[in-house]
Amino acid sequence: MKIESTPLTGVTLITPTVQSDARGFFLETWHAERYMHAGIDLPFVQDNHSCSSQGILRGLHLQTEKPQGKLVRVTSGAVFDVVVDCRAGSPSCGKWYGVTLTAKAQEQLWIPPGCAHGFYVLTDSADFLYKCTDYYHPESEISLAWDDPTIGIEWPIAEGEAPELSTKDRSGVQWQDCPLYEGLI
């Protein structure tokens with residue numbers, strides 16, 4: 001397992017060891033002891049799976065109560081995955097990090113509680129799985145504007161094209177209106 005730090009405090013890119021041969025492949029997508037050594041030691045309580053078509057942008061989502069840490073990966077296709085640090089007191093608060101996650105490379109991204117998260121589908125479709133450290137809490141979920149100029153995310157969207165967004169994501173809040181997470185960093 002390869003563990004890489006990112007420019008955002010506590011956000012980690014993980015490339016699991018993949019055993020492959022003519023029959024296919026095998027990999028561990030979660031091993032509590034190994035991931036604890038990588039700094040991921042919160043318990044997971046919910047697993048989610050979404051499937052989206054090319055051009056769909058989901059996010060940037062954040063729960064102001066019951067913030068979720070997420071261990072995310074792609075099992076088919078590819079996405080451009082983005083994290084925005086919304087943790088008050090974090091050295092990287094207000095900054096973003098983006099990485100292409102693919103089913104072929106099997107990467108995982110650890111997103112600590114208090115960060116907004118979203119992704120843009122790069123292939124015909126993508127299956128996206130994520131383990132969460134707290135339950136979905138729709139009453140406190142907000143969507144941070146995907147195109148907020150203060151944050152300045154460089155999405156891989158062709159000039160003149162627009163991503164397909166949900167109603168909630170079309171009305172995302174601007175950075176200056178985003179409530180920051182006051183928990184431990």
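Coordinate-derived values only; no laboratory data. All figures in this text were calculated on a predicted structure; none of them were measured in a lab. Using ideal geometry, Cβ is built from the backbone for each residue, glycine included, and neighbour counts are taken over all protein chains shown.
Observations on the structure shown:
- Karplus-based coupling profile of the stretch 28-42, in residue order and whole Hz: 8, 9, 7, 8, 3, 5, 5, 6, 4, 5, 8, x, 9, 10, 8, with θ = phi - 60° in 6.51 cos²θ - 1.76 cosθ + 1.60 and x standing for Gly or Pro.
- The stretch 33-177 - percent relative contact order, Cα under 8 Å, separation 6 or more: 35
- Judged by the ratio a/c of the largest to the smallest principal axis of the C-alpha gyration tensor, the chain counts as oblate, that ratio being 1.5 or greater while a/b is no larger than b/c.
- Total lysine pairs in the chain at Cα distances under 25 Å, for residues eight or more apart or on different chains: 15.
- Charged side chains reduced to their Cβ positions (Lys and Arg at +1, Asp and Glu at -1) give the chain a dipole of some 380 debye around its Cα centre.
- Under Karplus coefficients 6.51, -1.76 and 1.60, residue-wise ³J(HN,Hα) of the stretch 116-125 in Hz, glycine/proline x: 7, 9, x, 8, 10, 7, 9, 10, 3, 7
- Couplings for the stretch 161-176, taken from phi via the Karplus curve 6.51 cos²θ - 1.76 cosθ + 1.60 with θ = phi - 60°, read 9, 10, x, 8, 10, 6, 4, 4, 6, 5, 10, x, 7, 6, 3, 5 Hz in order; Gly and Pro are left as x.
- Span from the the stretch 143-172 Cα centroid across to the the stretch 1-76 one, whole angstrom: 23
- Choice from D147, D21, D85 with maximal GNM fluctuation in the chain (Cα, 10 Å cutoff): D21
- Within the chain, the longest segment free of exposed loop sites, counting GluC sites (Glu not before Pro) that fall outside DSSP classes H, G, I, E and B and have at most 15 other Cβ atoms within 10 Å, spans 66-153.
- Database remark: amide H of E164 closer than 5 angstrom to the amide H of I56, L57 (H placed geometrically; neighbours at sequence offset of 5 or more, or on other chains; Pro and chain starts carry no H).
- Ranking G77, L57, Y135 by Cα position along the charge dipole of the stretch 1-156, where only Lys, Arg, Asp and Glu carry charges on their C-beta atoms, puts G77 farthest toward the positive end.
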